Amino acid sequence: MLMRTDPFREFDRLAQQFFGSHQTGTWSRPTAMPMDACRVGDEFVVSFDLPGVSADAIELDVERNVLTVKAERRPVVTGDNVEMQVAERPLGVFSRQLFLGDTLDTEQIKADYEAGVLTLRIPVAEQAKPRKIAIGGAQGDRKQIKA
């Protein structure tokens, strides 16, 4: 089971869009990053939108059952004779924390970063998967039930 940590983060994001106020994220106060999450078979797939972020500027940490994703979007072109004409992408630090339930295997998380999308695959732990249990009878007949 996958849970979000901050129920008001979505309201903050909507308020920023509505009122047009956008602050650059810092390491002490990062900006939220958009994500999608779904279950596909025996794993959860979580995708984070991080266009313009280089792979070396992304940090993934799991402590206990809390997954933390942090990323920093830096200016692409810098220099003395660089004069930006249009700069619409927000720069700064982006972060997201997810509580991972005990039914997920945090030791087997896989991460891929391609085309500005960070995709995490979090498998369901073996002990949480359905299994059949054999039942022994007095006659020696064995039946199976689905657990």
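Select from the stretch 103-124 the residues that are under 15 Å from the mean Cα position of the chain (by Cα) and part of a loop (DSSP other than H, G, I, E, B) and write down the one among them that is surrounded by the fewest Cβ atoms within 10 Å (Cβ to Cβ).
Gly116
Select from the stretch 72-102 the residues that are surrounded by 14 or more Cβ atoms within 10 Å (Cβ to Cβ) and touching a helix residue (DSSP H, G or I) at 6+ places or on another chain (Cβ under 8 Å) and write down the one among them that is nearest to Val46 (Cα to Cα).
Here the answer is Leu100.
Determine whether the stretch 45-64 contains at least one residue that is surrounded by 12 or more Cβ atoms within 10 Å (Cβ to Cβ), in contact with a helix residue (DSSP H, G or I) (Cβ under 8 Å, 6 or more places away or on another chain) and farther than 14 Å from Tyr113 by Cβ.
yes
Can you say whether Gln127 is part of a loop (DSSP other than H, G, I, E, B) and loosely packed, with under 14 Cβ neighbours inside 10 Å, as far as the supplied structure shows?
Values: part of a loop (DSSP other than H, G, I, E, B): no; loosely packed, with under 14 Cβ neighbours inside 10 Å: yes.
In short, no.
What about Val69, is it surrounded by 15 or more Cβ atoms within 10 Å (Cβ to Cβ) and either touching a Cys at 6+ places or on another chain (Cβ under 6 Å) or touching a residue at least 60 places away in the same chain (Cβ under 8 Å) (or both)? Even if it seems obvious, please write down each step before you answer.
Values: surrounded by 15 or more Cβ atoms within 10 Å (Cβ to Cβ): yes; either touching a Cys at 6+ places or on another chain (Cβ under 6 Å) or touching a residue at least 60 places away in the same chain (Cβ under 8 Å) (or both): no.
Judged against the criteria, Val69 is not a match.
Quick one: what pairs do we get from the stretch 92-111, first residue under 20 Å from Pro34 (Cα atoms) and among the charged types (D, E, K, R), second at pLDDT below 90 and in a loop (DSSP other than H, G, I, E, B), C-beta under 6 Å, 6+ apart or different chains?
Note: pairs meeting the criteria are Arg96/Met33.
Is it true that Asp61 is at pLDDT 90 or above, within 26 Å of Ala111 (Cβ to Cβ) and under 18 Å from the mean Cα position of the chain (by Cα)?
Values: at pLDDT 90 or above: yes; within 26 Å of Ala111 (Cβ to Cβ): yes; under 18 Å from the mean Cα position of the chain (by Cα): yes.
Yes; evaluated as a whole, the condition is true for this residue.
The values are calculated or read from the model by the stated rules, or taken from the named source; none is laboratory data. This one's a predicted model, so the numbers in the text were calculated from it and none came from an experiment. We place every Cβ from the backbone using ideal geometry, glycine too, and count neighbours over all the protein chains shown.
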